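Below is one structure; the comments refer to it alone.
The values are calculated or read from the model by the stated rules, or taken from the named source; none is laboratory data. Fair warning: this is a prediction, and the values are worked out from it, not measured in the lab. Here the Cβ positions follow ideal geometry from the backbone for every residue, glycine too, while neighbour counts run over all protein chains shown. With ligands, DNA and RNA removed, areas are computed over all heavy atoms of the protein, side chains included. Shrake-Rupley method; radii C 1.70, N 1.55, O 1.52, S 1.80 Å.
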Amino acid sequence: MIVSEKDINEQIKWAQINTDVLRSLENPRKAYWVALFICFAMFSCAVVAEVYQYQVGLGPTNLNNPHMWDMYIATFVFWIGMSHSGTLLSAILHIIHADWRKPIYRFAEAMTTFSLLTAGFFPMIHLGRVWNLYWVLPYVSDRGHWPNFRSPLAWDAFAISTYLSASMLFLFIGMIPDLAICRDNTTGWRKKLYTAISLGWTGNDRQWRTFRKTYLLMACFLIPLAVSVHSIVSSDFAVSIMPGWHITSFPPYFVAGALYSGCAAIITLFVLLRYFFRFEEYMTTAIMEKTAKLTFAIAMVWTYLNLIEFGATWYGHNMYDKELLIAKATGPYAWVFWTMIFCGMVVPFALAVQKFRRHMPTMFVVSLFLNLSMYFERWMIVAPTLSMSHQSHQWDVMWPSIVQWAIVFGSFGWFGILFLIFVKVFPSISMYEVKEMVYHRKREAELEGASAATNKPNLEGAS
Amino acid sequence: MKNYRILGLFNNFEEAFSALHDIRASKVPGVTIDDVTLNSPIEHPEIEEVLGDRPCHLPKFTLAGAMFGLVFGFLFLASAQATFLVQPQGGKPVIPLPSNFVLVYEMIIFFGVWATFFAFLFLSRLFRKRHNLYSEKVSLDQIGVIVELDKSKLDSLKDLFKQHKVLEIREEDIR
């Protein structure tokens, strides 16, 4: 039987925490440059494809009637979903005082911000005419026309820009005390940078008091905001009358899917950071176990919502929805559908096994499968409905062209570049919060020890 | 006349707490707890209690921001939609409340969050030049107690700090 370990070693010294985390900001190793080069190469593919698409229009992407949405929108939903776990879970776990979040929330919040920045590209790219992007902004045009505020696409613009700015502020505010630590322990350009962005933080009681309230209020705002963002993204589909999209359970289904893919991405990055930055002391197997259990719970919610959707369609009376469901399971996209089902509903049962939860390479592989499932889920939302809609004369199977593939592939490179730069410029573990965690755990252990000593029965007297 | 500032660096919260407790108990006449600033590497609500009630008005700014988002958001949308009065609406409302609710909801959060952020910058008194007594050891693992006082009380306070195992004392003239 495996004995459960502590989330963190409470005997670790505060100075050691500073040393270990600041070491991760030092000159990168060869593996870092290789990873950065690969990401840059991937991003370059996207740039080339986008330049080509800009020159010749959307023709080479295979986007056409009825496939006006395709891989770009599926990828947009994927990245928006990915952005959810970082900030949302960080905020929820902060409010419920789950202190095991402390060593892992920083990179998860960074993941949120970078996912949103990546997602933001896709509506622009999908427009084709990128130069007309400003049409989605809420301003009055020359002829006195405003955007259609009844459209979920306009809601998207509001929700995503609010979420992006709130997530960035949440990430930044949470980092200020750590930036002051960096300022006090670095030299050269780094010192100048950290001095500017730590905003003169000194750690006095006024600052901590205000900081505590600010962080709590931001967390309170972010929870309903994050839920609203993905509900609104689901409304892009659900307010239409298309089969497979016009479903009441779409908002919670999207939110659960978003949390699921975000948790899977957290596990992937957890394993990578733990290995490359040697953060075994902070990103412990106990914390991985808790993250994995949370992911498993969310996977089961997502599975349940999927089954509800299938059941409601199967037993319902909408023949278009039913035919579409059958086509998903048996038609040209069947392999995508069944891969999604297997990776999203069956593979997560590995997370229920303690032995797997504690084995980092297994968790890494499992997290990749889960993310693959989540990507396929988005594809299965977008493509089959457009392939087999109400009008049978429009039925058409469509696969993305190399231009779409290149841009989607490059988006992972773009995300990788941002993330790799972040972890080398900013501390990817929150030093002050890990210190708090260590301090409080130590105090609890001491109090428990003292209490046990007081309550110890007097055996001598008894004998 | 408070013309001196003194910093005592302590090894842990317990020692800093007992020093603050003695200041609060007026063991150094003429020095009150209101003259004290506590610098620490982590937030510690329990120890801040000994400093007395120091209210934080940040939630008022947040509320103001959120209210502004509510009013401005609705007026902004409604005034934009009102320009459609000149166009045929086909029976649809000029100002549709359900869709405006979604957008106003986002604007409440947007302005609430930014108001909170700016209130944080303002109320934390960030962007101020750090005084000479700032110690980098506070960002490492030590607790700093800064007191502004009259020079005549300096020795008494130093003695008090020493009783509580202060690691280092620094002082500066702030006249």
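Among residues of the stretch A:213-245 being free of Cβ contacts under 8 Å to residues at least 12 places away in the same chain and assigned to a loop (DSSP other than H, G, I, E, B), the one that is nearest to the other protein chains (Cβ to nearest Cβ) is A:Ser240.
Considering A:Phe250, A:Phe276, the condition of being closer than 30 Å to A:Lys435 by Cα and of a type in the set (A, V, I, L, M, F, W, C) is satisfied by A:Phe276 alone.
Tell me, which residue of the stretch A:390-436 that is among the hydroxyl-bearing types (Ser, Thr, Tyr) and crowded, with 16+ Cβ neighbours inside 10 Å is farthest from A:Ile8 (Cα to Cα)? That would be A:Ser401.
Say whether the condition of being part of a helix (DSSP H, G or I), under 23 Å from A:Asn62 (Cα atoms), among the hydrophobic types (A, V, I, L, M, F, W, C) and touching a Pro at 6+ places or on another chain (Cβ under 6 Å) is met by at least one residue in the stretch A:412-427. No, the stretch A:412-427 contains no residue that is part of a helix (DSSP H, G or I), under 23 Å from A:Asn62 (Cα atoms), among the hydrophobic types (A, V, I, L, M, F, W, C) and touching a Pro at 6+ places or on another chain (Cβ under 6 Å). Looking across the stretch A:396-447, the residues that are within 26 Å of the chain's Cα centre (by Cα), among the small types (Gly, Ala, Ser) and away from every other protein chain (no Cβ under 14 Å) come down to A:Ala406, A:Gly410, A:Ser411, A:Gly413, A:Gly416, A:Ser428. Evaluating A:Ser249 against the criteria (1) under 25 Å from the mean Cα position of the chain (by Cα); (2) in contact (Cβ under 8 Å) with a residue 12 or more places away in the chain; (3) within 11 Å of chain B (Cβ to nearest Cβ) leaves one unmet condition, (3). Condition check for A:Thr362 on (1) in contact with a helix residue (DSSP H, G or I) (Cβ under 6 Å, 6 or more places away or on another chain); (2) more than 14 Å from chain B (Cβ to nearest Cβ); (3) touching a residue at least 24 places away in the same chain (Cβ under 8 Å): one failure, at (3).
Table: residues versus (1) open to solvent by 40 Å² or more (accessible area, probe 1.4 Å); (2) under 30 Å from A:Ala383 (Cα atoms).
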position	(1), (2)
A:Arg212	yes, no
A:Leu222	no, no
A:Ser235	no, yes
A:Met242	yes, yes
A:Ile247	no, yes
A:Phe250	no, yes
A:Phe276	yes, no
A:Thr284	no, no
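The number of residues in the stretch B:124-138 being facing chain A (nearest Cβ under 7 Å) and in contact with a Lys or Arg (Cβ under 8 Å, 6 or more places away or on another chain) comes to 2.
Taken as a whole, the stretch A:123-138 holds no residue that is open to solvent by 10 Å² or more (accessible area, probe 1.4 Å), among the basic types (Lys, Arg), in contact (Cβ under 8 Å) with a residue 12 or more places away in the chain and more than 20 Å from A:Ile160 (Cα to Cα).
All conditions in (1) open to solvent by less than 40 Å² (accessible area, probe 1.4 Å); (2) away from chain B (no Cβ under 11 Å); (3) among the charged types (D, E, K, R) hold for A:Lys191, with the sole exception of (1).
In this structure, does A:Ala265 turn out to be at pLDDT 90 or above and under 15 Å from the mean Cα position of the chain (by Cα)? Yes: the conditions hold for A:Ala265.
Just to be sure, is A:Pro243 touching a Leu at 6+ places or on another chain (Cβ under 8 Å), more than 20 Å from A:Ile8 (Cα to Cα) and either modelled with pLDDT of 90 or more or not β-branched (Val, Ile, Thr) (or both)? For A:Pro243, the condition - touching a Leu at 6+ places or on another chain (Cβ under 8 Å), more than 20 Å from A:Ile8 (Cα to Cα) and either modelled with pLDDT of 90 or more or not β-branched (Val, Ile, Thr) (or both) - is met.
For first residues located in the stretch B:89-105 and facing another protein chain (nearest Cβ under 7 Å) and within 16 Å of B:Phe72 (Cα to Cα), partners that are surrounded by fewer than 11 Cβ atoms within 10 Å (Cβ to Cβ) and modelled with pLDDT under 80 and lie 6+ apart or on another chain with Cβ distances below 8 Å do not occur.
Does B:Leu9 satisfy the criteria of being under 30 Å from A:Phe158 (Cβ atoms), aliphatic (A, V, I, L, M) and open to solvent by less than 50 Å² (accessible area, probe 1.4 Å)?
Numbers: under 30 Å from A:Phe158 (Cβ atoms): no; aliphatic (A, V, I, L, M): yes; open to solvent by less than 50 Å² (accessible area, probe 1.4 Å): yes.
For B:Leu9, the condition - under 30 Å from A:Phe158 (Cβ atoms), aliphatic (A, V, I, L, M) and open to solvent by less than 50 Å² (accessible area, probe 1.4 Å) - is not met.
Entry remark, the stretch B:40-76: residues being part of a loop (DSSP other than H, G, I, E, B) and surrounded by fewer than 14 Cβ atoms within 10 Å (Cβ to Cβ) number 5 in total.
Looking at B:Thr83, B:Thr37, can you tell me which residue is within 11 Å of chain A (Cβ to nearest Cβ), open to solvent by 40 Å² or more (accessible area, probe 1.4 Å) and touching a strand residue (DSSP E or B) at 6+ places or on another chain (Cβ under 6 Å)? Even if it seems obvious, please write down each step before you answer.
On the way: B:Thr83 fails: touching a strand residue (DSSP E or B) at 6+ places or on another chain (Cβ under 6 Å).
Sole residue among the options that is within 11 Å of chain A (Cβ to nearest Cβ), open to solvent by 40 Å² or more (accessible area, probe 1.4 Å) and touching a strand residue (DSSP E or B) at 6+ places or on another chain (Cβ under 6 Å): B:Thr37.
Of all residues in the stretch B:55-79, those that are of a type outside the set (Ser, Thr, Tyr) have Cβ atoms under 6 Å from Cβ atoms of residues that are at pLDDT below 95 and open to solvent by 70 Å² or more (accessible area, probe 1.4 Å), 6 or more apart or on another chain, in B:Cys56/A:Lys213; B:Leu58/A:Lys213.
Residue-wise test of (1) touching a Lys or Arg at 6+ places or on another chain (Cβ under 9 Å); (2) within 30 Å of B:Lys137 (Cα to Cα); (3) modelled with pLDDT of 90 or more; (4) at the interface with another protein chain (Cβ under 8 Å from one of its Cβ atoms).
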position: A:Gly128; (1), (2), (3), (4): no, no, no, no
position: A:Gly144; (1), (2), (3), (4): no, no, no, yes
position: A:Ala159; (1), (2), (3), (4): no, no, yes, yes
position: A:Met168; (1), (2), (3), (4): no, yes, yes, no
position: A:Met175; (1), (2), (3), (4): yes, yes, yes, no
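Set side by side, the residues A:Thr339, A:Thr362, A:Thr330 differ, and just one is open to solvent by 10 Å² or more (accessible area, probe 1.4 Å) and within 22 Å of A:Arg274 (Cα to Cα), which is A:Thr362. Among the helices (runs of 4 or more DSSP H) confined to the stretch A:67-179, the ones with at least 1 residues that are more than 26 Å from A:Tyr52 (Cα to Cα) are located at A:71-95, A:105-119.
Restricting attention to the stretch A:54-104 and to residues that are modelled with pLDDT under 85 and in contact with a Pro (Cβ under 7 Å, 6 or more places away or on another chain), the residue that is most open to solvent (accessible area, probe 1.4 Å) turns out to be A:Asn62. Among the residues of the stretch A:142-157, the one identified as crowded, with 17+ Cβ neighbours inside 10 Å, in contact (Cβ under 8 Å) with a residue 60 or more places away in the chain and among the hydrophobic types (A, V, I, L, M, F, W, C) is A:Trp155. Scanning the stretch B:19-34 for residues that are surrounded by fewer than 13 Cβ atoms within 10 Å (Cβ to Cβ) and away from every other protein chain (no Cβ under 14 Å) yields B:Ala25, B:Ser26, B:Pro29. Selection over the stretch B:100-125 of residues that are among the hydrophobic types (A, V, I, L, M, F, W, C), under 9 Å from B:Gly73 (Cα atoms) and open to solvent by 30 Å² or more (accessible area, probe 1.4 Å) gives a count of 1.
Mind checking which residues of the stretch A:437-446 are open to solvent by less than 10 Å² (accessible area, probe 1.4 Å) and not β-branched (Val, Ile, Thr)? First the steps, then the outcome.
Pass one, the stretch A:437-446, residues open to solvent by less than 10 Å² (accessible area, probe 1.4 Å): A:437-438.
Residue satisfying the conditions is A:Met437 alone.
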